[in-house]
Amino acid sequence: MKPYVSVAVDGPVGAGKSSIARTAAKMLGYIYVDTGALYRAVGLYCHRNGVDMAQPDAIASVLPEIHPEIRLIDGTQHIYLNKEDVSEEIRLPEISMAASAVSAVSAVRAALLDLQRNMAKTNNVIMDGRDIGTVVLPDATVKIFLTAAPEIRAKRRYDELCAKGVQTTFEEVLADLNTRDYNDSHRETAPLKQADDAVLADTSALDFEQSCELICNIIKERL
Ligand code: DC
């Protein structure tokens, strides 16, 4: 019998994975793990240090200098890059694009694998990402593929960025989202795709509370 429950939540950009999974984790008393933050930390390091994102070898060569860490502070995930809390900075749009670029490099994915698996070995987790159900936790207790129509996802992301005071337009956010979705689902290593045994959850017509309820129900039905 598996000692800990693990819930894998995968899906495209802006499907609401992090906010929905975070809330569902609170409701169920599980730990929420946002794996995208790890790729963002690697992207941030490369961005700060002028690493050419078009060169997988250049990205791979700086990996030994990058030590990302997930720390739980009062139940909330903080992401550290070489001992510095970068939880806010990794959310900037240019770091989203950098994260998508570095996540296509197989050496980066390999370097982050154990970190993610270890979180699930010692906690009941809801882990969100792109390859959690397919690669990171292929034996997850429950797998969910969370999605919504691209325009709806872009509108949610646009509203989020505006609320944070980030200067952008809806068109820019939609174009970014489509580019990242394309990159994430067409890369060679661990592309974004629904695991064969994942439950499809489309939140296009649901508000936030309804989406959380849907996820919690899917989980409870399968435990
Ligand atoms: O979920 P997010 O937008 O914070 O993720 C940032 C980038 O990291 C995203 O473009 C894809 C990549 N990613 C990944 O490849 N695998 C994961 N498990 C999580 C994120």
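Since every read-out is calculated from the coordinates, none of them should be taken as a lab result. It should be emphasised that the depicted structure is a prediction, and the values quoted were computed from it without experimental measurement. Positions of Cβ are backbone-derived with ideal geometry, glycine not excepted, and every protein chain shown enters the neighbour counts.
For the chain, just list the percent of Cα-Cα distances falling in each 10 Å bin from zero outward, please.
Percent of Cα pairs in each bin: 8, 35, 39, 16, 1.
Between the range 155-173 and the range 69-121, what is the separation of their alpha carbon centroids in Å?
Each part's Cα centre sits 22 Å from the other's.
Do any of K121/K220; K121/K164; K164/K220 go past 32 Å between their Cα atoms, and which?
Checking Cα-Cα distances, K121/K164; K164/K220 exceed 32 Å.
Given the rule -39500 (n - 2.57) for each run of at least 4 DSSP H residues, summed and divided by the residues of the chain, what is its mean residue ellipticity at 222 nm, to the nearest 500 deg cm²/dmol?
Calculated at 222 nm, the ellipticity per residue is -15000 deg cm²/dmol.
Between E171 and C216, take the C-beta separation as r, use R0 = 25 Å, and let me know the FRET efficiency to the nearest 0.05.
After rounding, the FRET efficiency stands at 0.15.
May I ask you to compute the full-extension gain from D196 to M27, defined as 0.36 nm times their residue separation minus their alpha-carbon distance, rounded to one decimal in nm?
Result for the pair: 58.2 nm of gain on full extension.
Which whole-percent values make up P(r) of the range 33-153 when all C-alpha to C-alpha distances are grouped in 10 Å steps starting at zero?
12, 44, 35, 9, 0
Between their Cα atoms, which of K26/K155; K26/K83; K17/K193 are more than 23 Å away from each other?
Over 23 Å apart, Cα to Cα: K26/K155; K26/K83.
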